[in-house]
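**Student:** Can you keep this structure in mind? I'll have questions shortly.
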Amino acid sequence: MDITINKLQAVTVVELAGDLDANTASEVQQKVISLATPSSKILLDLHGVKYMSSAGLRMLLSLYRHVTANKGQVVLVGLAPQIYKTMSITGFLNFFTTCETLESGLAVLQQKS
Amino acid sequence: MKALTVPGTLDALDAIAEYTIAAAEAANLDPDTSYNLRLAIDELVTNIIQHGYKTADQTGTIRLQAILSDRALILTIEDKGVPYDPTQKSPPRDLHLPPEHRQMGGLGIYLAMKSVDRLIYERVGDRNRNIVMIERPAGLNYDWSEG
């Protein structure tokens, strides 16, 4: 699993590449949760993730809780159709904001303040 | 296909995914069905590693065997962890709840059950046996009827 972290103005862009399973999710969880500082704006770019199991969902739920507890925002971009479906049947799309492209995700995070 | 035996540790998930994908390719499954099969096997095996072998206080092995017939791809998972029947697990009740009221886990077996046509559990001696079944499209007729 490759994790690349960049700052784009006020937004922290986290780009993941690889499979998100029980073997890789804990490392990702540690890294991304440390980014959930007060009022943080986090964009998780999942274009490079072609597979995600429930371990990935657990990581996402944990991230969401840390971000909202710190009055921040998180947006997911580039979900593969199968991952979108997994998030849909588990109800995760009810609370996660998702966008197709990096640009649209950045726009969402930059308009909310 | 030749069976695969791996240690019951998370490091083995890659080899298990590789084996499952090869079985899906041999069965000529479409990409969505193939993905679902990988998800189901991954979730079942992860559950065995994290719960079956953890509480048994021992490391054991996991054996995967794919069998291909005209009608179905059957993948059998065997382990010697604590007895556990995933088909008896009730679906999560908090799927509609907001994130602050949800449990952190409990989705893996649910996803596995949702992803395959059939999941059968058997206890055989000191082993758990999970049998995952995926129906295959029925040859040329399938193409015509869909086309």
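**Student:** Convert 4 °C to kelvin, take the viscosity as 1.567 mPa s, use the Kirkwood radius over C-alpha pairs of the protein assembly as shown as Rh, and evaluate the Stokes-Einstein diffusion coefficient in µm²/s, rounded to a whole number.
**Tutor:** 66
**Student:** Segment A:55-113 to segment B:21-64: how many Å between their Cα centroids?
**Tutor:** The distance from the Cα centre of segment A:55-113 to that of segment B:21-64 comes to 27 Å.
**Student:** Can you tell me how much longer the chain between B:Lys89 and B:Asp70 gets when fully stretched, taken as 0.36 nm per residue apart minus their C-alpha distance, in nm with one decimal?
**Tutor:** Net length gain for the segment: 3.8 nm.
**Student:** Count, for each residue of A:52-61, the Cβ atoms from other chains sitting within 10 Å of its Cβ, then give me the mean as a whole number.
**Tutor:** Counting Cβ atoms of other protein chains within 10 Å of each residue's Cβ and averaging gives 6.
**Student:** Is it possible to state the helix-based mean residue ellipticity at 222 nm for chain B, with each DSSP H run of 4+ residues giving -39500 (n - 2.57), the sum divided by total residues, to the nearest 500 deg cm²/dmol? What is it?
**Tutor:** -10000 deg cm²/dmol
**Student:** Also, I was wondering about something else. Return the average number of partner chain Cβ atoms within 10 angstrom of each residue Cβ along peptide B:16-23. Mind showing how you got there, number by number?
**Tutor:** On the way: counts 1, 5, 0, 0, 0, 1, 0, 0.
Other-chain Cβ atoms within 10 Å of each residue's Cβ, averaged: 1.
**Student:** OK, next. Going out from 0 in 10 Å bins, what whole percent of all Cα-Cα distances in segment B:4-135 drops into each bin?
**Tutor:** Percent of pairs per bin, in order: 13, 43, 33, 11, 1.
**Student:** Something else: Can you work out the Karplus-derived ³J(HN,Hα) for every residue in segment A:100-108? Use 6.51 cos²θ - 1.76 cosθ + 1.60 with θ = phi - 60°, whole Hz, and x for glycine or proline.
**Tutor:** Per-residue couplings from phi come out as 6, 10, 4, 4, 5, x, 5, 4, 4 Hz.
**Student:** If you place +1 on the Cβ of every Lys and Arg and -1 on the Cβ of every Asp and Glu, how big does the dipole about the Cα centre of chain B come out, in debye to the nearest 20?
**Tutor:** On the way: 15 positive and 21 negative charges, 101 e Å.
It works out to roughly 480 debye.
**Student:** What residue among B:Leu64, B:Ala23, B:Asn47 has its Cα farthest toward the positive end of the dipole of segment B:4-135, where the charges are +1 on Lys, Arg and -1 on Asp, Glu, each on the Cβ?
**Tutor:** After comparing all options, I get B:Asn47.
**Student:** Of the lysine pairs in the protein assembly as shown, how many meet both conditions: Cα atoms under 21 Å apart, and a spacing of 8 or more in sequence or different chains?
**Tutor:** For the protein assembly as shown, the number of qualifying lysine pairs is 18.
**Student:** Let me ask something else. Based solely on its DSSP helices, what 222 nm [θ] is calculated for chain A when runs of n ≥ 4 H residues each add -39,500 (n - 2.57) and the sum is averaged over all residues, nearest 500 deg cm²/dmol?
**Tutor:** Values: 4 runs with 44 residues, N = 113.
Helices in chain A give a 222 nm mean residue ellipticity of -12000 deg cm²/dmol.
The numbers here are math on the coordinates, done by the rules we state, and not lab data. Just so we're clear, the structure is a prediction, and the values are computed from it rather than from any experiment. So basically every Cβ, Gly included, is an ideal-geometry build from the backbone, and we count neighbours across all protein chains shown.
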